[in-house]
1. Is one or more of the residues making up segment 129-140 modelled with pLDDT under 95 and over 24 Å from Ala65 (Cβ atoms)?
2. Would you check if Leu88 is touching a residue at least 40 places away in the same chain (Cβ under 8 Å) and either in a helix (DSSP H, G or I) or out of contact with any Lys or Arg (no Cβ under 7 Å at 6 or more places or on another chain) (or both)?
3. Report yes if some residue within segment 29-42 is in a helix (DSSP H, G or I), more than 16 Å from ligand 1 (Cβ to nearest atom) and either at pLDDT below 95 or crowded, with 20+ Cβ neighbours inside 10 Å (or both); otherwise report no.
4. Report every pair of residues separated by at least 6 positions or lying on different chains whose Cβ atoms are under 8 Å apart, first residue within segment 99-112 and under 21 Å from Glu81 (Cβ atoms) and among the small types (Gly, Ala, Ser), second within 16 Å of ligand 1 (Cβ to nearest atom) and not in a helix (DSSP H, G or I).
5. Does segment 58-81 contain at least one residue that is in contact with a strand residue (DSSP E or B) (Cβ under 8 Å, 6 or more places away or on another chain) and either farther than 29 Å from Asp137 by Cβ or of a type in the set (Asp, Glu) (or both)?
6. So which residues in segment 47-73 are in a helix (DSSP H, G or I) and touching a helix residue (DSSP H, G or I) at 6+ places or on another chain (Cβ under 6 Å)?
7. Restricting to segment 8-25, name every residue that is touching a strand residue (DSSP E or B) at 6+ places or on another chain (Cβ under 9 Å) and more than 19 Å from Pro42 (Cα to Cα).
8. Please go through segment 55-75 and give me each residue that is hydroxyl-bearing (Ser, Thr, Tyr) and surrounded by 18 or more Cβ atoms within 10 Å (Cβ to Cβ), ordered by number.
Amino acid sequence: MTQGGLFLTFEGIDGSGKSSQARMLADELRKAGHQVVLTREPGGSDGAEEIRNLVLQGDPDRWSAETEILLFTAARRDHLERTIQPALAAGKIVICDRFADSTRMYQGLSRGDLRGLVDQLHSLMIGREPDLTLLIDMDPDTGLSRAKGRQGAEERFEDFGPDLQRRMRAGFLALADEYPHRFRVVDGNRDIDSVAQDVREIVSKVL
Ligand code: ADP
Ligand code: TYD
């Protein structure tokens, strides 16, 4: 397995500010002289980006939750093999916008309790957790209106609506309690620079 490097992930509901914070942190760390790979899920490698189009576009009923678990895990396996592990092995900092915790939430909780299945497949095919996970906690209605404001074709999950967003928020907070050694919760209901300041302080402690 990979040695060296540092594997950081951002998690949270749609529109919570993960992508913005991941980008700002990457810029900050690069300025400080670190080698950083900024990546995202689903995606982050050629094959996984192709799977991204399959899972994020089209009708909300396009895939069952079980099929989605397989598709997201297949994308993650490719991303891990081709992007994440080589970067960590080269001693780089990998910042990933969403990872397995998103599958634990979206596929594990949104349509029945499939968390056990997600975890089993994760341990079989992925077997790697981040060193640090920043959960951007956010009011679901604000998050949804921010996400909707973006417009675009990738709306399969946003189409599930505000009730799902509320359950995802509660689920992410419960997950942070479940894995306290790697999760840090950041209050995302503030201006972008205040959130970034908290993120910087948390990350500087693990560097
Ligand atoms: P996510 O990746 O979690 O979906 P984004 O970083 O894409 O979130 O942010 C969604 C939208 O909200 C973007 O238009 C972004 O500019 C805006 N945004 C991000 N963080 C904040 C913040 N703290 N306050 C106000 N708007 C924000
Ligand atoms: P993302 O592009 O991060 O969307 P956003 O910026 O709106 O947060 O992720 C796209 C969607 O994919 C998001 O609604 C959550 C969903 N998703 C899953 O359902 N399972 C997963 O394992 C991952 C990584 C994402």
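1. Looking through segment 129-140, at least one residue is modelled with pLDDT under 95 and over 24 Å from Ala65 (Cβ atoms).
2. On the way: touching a residue at least 40 places away in the same chain (Cβ under 8 Å): yes; either in a helix (DSSP H, G or I) or out of contact with any Lys or Arg (no Cβ under 7 Å at 6 or more places or on another chain) (or both): yes.
Yes; evaluated as a whole, the condition is true for this residue.
3. Of the residues in segment 29-42, the ones in a helix (DSSP H, G or I) are 29-31.
Going one step further and asking which of them are more than 16 Å from ligand 1 (Cβ to nearest atom), we end up with 29-31.
Now drop any that are not either at pLDDT below 95 or crowded, with 20+ Cβ neighbours inside 10 Å (or both), which leaves 29.
For segment 29-42, residues in a helix (DSSP H, G or I), more than 16 Å from ligand 1 (Cβ to nearest atom) and either at pLDDT below 95 or crowded, with 20+ Cβ neighbours inside 10 Å (or both): present.
4. Taking only residues 6 or more apart or on different chains, the pairs are Ser102/Glu11; Ser102/Glu41.
5. Here is the first cut: in segment 58-81, the ones in contact with a strand residue (DSSP E or B) (Cβ under 8 Å, 6 or more places away or on another chain) are 79.
Retained after the next criterion (residues that are either farther than 29 Å from Asp137 by Cβ or of a type in the set (Asp, Glu) (or both)): none.
No: zero hits.
6. Our first condition is that a residue be in a helix (DSSP H, G or I); within segment 47-73, this holds for 47-56, 65-73.
The answer is Gly47, Ala48, Ile51, Val55, Ala65, Glu68, Ile69, Leu71, Phe72, Thr73.
7. Passing the criteria: only Leu25.
8. At the first step, the residues of segment 55-75 found to be hydroxyl-bearing (Ser, Thr, Tyr) are 64, 67, 73.
Within segment 55-75, Thr73 is the sole residue that qualifies.
The values are calculated or read from the model by the stated rules, or taken from the named source; none is laboratory data. Predicted model only: the values in this text are computed from it and were never measured. Backbone-built Cβ (ideal geometry, glycine too); neighbour counts: all protein chains shown.
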